[in-house]
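Asker: Right, I'll just put the structure down here and ask away after.
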Amino acid sequence: LLDSILNSNVIGVAPISIVDSLISLFLASLFGWLIARIYKFSSESIYGGRQVASSIIPLSLTVCLIITVVKSSLALSLGLVGALSIVRFRTPIKDPEDLVYLFLALVNGLGFGANQNLYTSLGISFILLFLSSRSFLRSRKKLSLRHSEDYTLNIESSSQNEVNISEIIDLLASVCLKVSVLRYEKS
């Protein structure tokens, strides 16, 4: 019954194979899980953390489902473009590494949603292998620099007096080998 509903002849819409769709959703969730795990263990992002890792699987599955439905019809794909053109994302991605993993989740959903299972599996596996090896080499390099440790310092002030960033840098530079400011925000 479900197969007959999905394969009913609607003008301009090709039939959807339920088995292929389930396989694609399974592979998208499996690779989404792998992407999330590798992000969690190899990312050095100081901003995203759990929020990015927890959104990778749902993002992959959502994109996979959308592409599975839309790939069979030009009218549906144009409607999707119109609907997405009004979406406004308010949260900026602050770390480029977070963006890499989110794009990888999008590629995961796009590839498996388009039933390009072999190419998507190979491509994502290669990229994940690259990201893991880069993380491994980075951690080995940090182990060789025994005297160097990275710390993150967040300073918040609720007073009316302005915080003087140059005084803070000078104070930290007197006790640290290297000081770098990642972000200065004033509101």
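What follows is calculated from the coordinates using simple rules that are stated; it is not laboratory data. Please read these numbers as outputs of a predicted model, since none were measured by experiment. Cβ placement follows ideal geometry from the backbone for every residue including glycine, while neighbour counts extend to all protein chains displayed.
Asker: What ranking, highest mean first, results for peptides 109-115, 77-83 when packing means the other Cβ atoms within 10 Å averaged over each residue?
Answerer: With the highest mean Cβ count within 10 Å placed first, the list reads 109-115, 77-83.
Asker: If you don't mind, there's one more thing I want to ask. Using a 10 Å cut-off on Cβ atoms, rank the peptides 118-125, 51-58, 131-138 from the highest mean neighbour count down. Numbers along the way, then the final one.
Answerer: Working: 118-125: 14.9, 51-58: 17.8, 131-138: 13.0.
Descending mean neighbour count gives 51-58, 118-125, 131-138.
Asker: Subtracting the Cα-Cα distance from 0.36 nm times the residue separation, let me have the gained length for residue 44 to residue 65 in nm, one decimal. All intermediate terms of the calculation are to be shown ahead of the outcome.
Answerer: On the way: separation 21, 0.36 × 21 = 7.56 nm, distance 3.04 nm.
Taking 0.36 nm per residue and subtracting the Cα distance, the gain is 4.5 nm.
Asker: If each residue of separation counts as 0.36 nm, what is the full-extension length gain between residue 75 and residue 22 once their alpha-carbon separation is subtracted?
Answerer: This chain segment gains 16.7 nm when fully extended.
Asker: Additional query: For the pair residue 99 and residue 176, how long in nm is the line joining their label points, each one 7 Å along Cα→Cβ?
Answerer: About 2.5 nm separates the two model spin labels.
Asker: Stretched out fully, how many nm does the piece from residue 132 to residue 119 gain, at 0.36 nm a residue minus the Cα gap? Write out the running numbers ahead of the final one.
Answerer: Numbers: separation 13, 0.36 × 13 = 4.68 nm, distance 1.97 nm.
Gain on extension, residue 132 to residue 119, equals 2.7 nm.
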